[in-house]
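Read through the structure below, which is laid out as C-alpha cells, and then see the notes.
The values are calculated or read from the model by the stated rules, or taken from the named source; none is laboratory data. As the structure is a prediction and not an experimental result, all values here were calculated from the model. Here Cβ is always computed from backbone atoms with ideal geometry, including for glycine, and neighbour counts include all displayed protein chains.
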Amino acid sequence: MSDDTKNSNQPSHIINHVTQGKDGKSYSTRVAAAFPQKDGEGYTIEPDLLQTKGYLSMRPFKGKSKDTGRER
C-alpha cells in the first residue's frame, strides 16, 4: 500500500455484487467501498446499498473467533 493510498479520501477497493444474466453476461452492482485502516491491518467498509448505520470493519483472522472462541 502506497503512502498516497493511506492518505487519500479515495477507497483502495470497490466491492461489487456480481450476477450472471440469462444472456450469459455478468452484471455487477457496486455495493461498498473499502478504505485501509491507519494501522494497515484491515479495512473500513462503507456500504452503498445496505441500509445500515455506521460501517463495517474487516480485520485479518488471527486464530480463534472472538464471538465463539473456536477455530473457523
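If we only count strands (runs of 3 or more DSSP E) wholly inside segment 14-64, which ones have 3 or more residues that are more than 15 Å from the chain's Cα centre (by Cα)? Steps first, please.
Working: elements: 26-36, 43-47, 56-58.
The qualifying strands (runs of 3 or more DSSP E) are 26-36.
Among the residues of segment 39-65, which ones are surrounded by 10 or more Cβ atoms within 10 Å (Cβ to Cβ) and of a type in the set (Lys, Arg)?
Arg59, Lys64
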Going through segment 38-53 one residue at a time, which ones are more than 17 Å from Asn9 (Cα to Cα), modelled with pLDDT under 90 and not basic (Lys, Arg)?
-> Leu49, Leu50, Gln51, Thr52
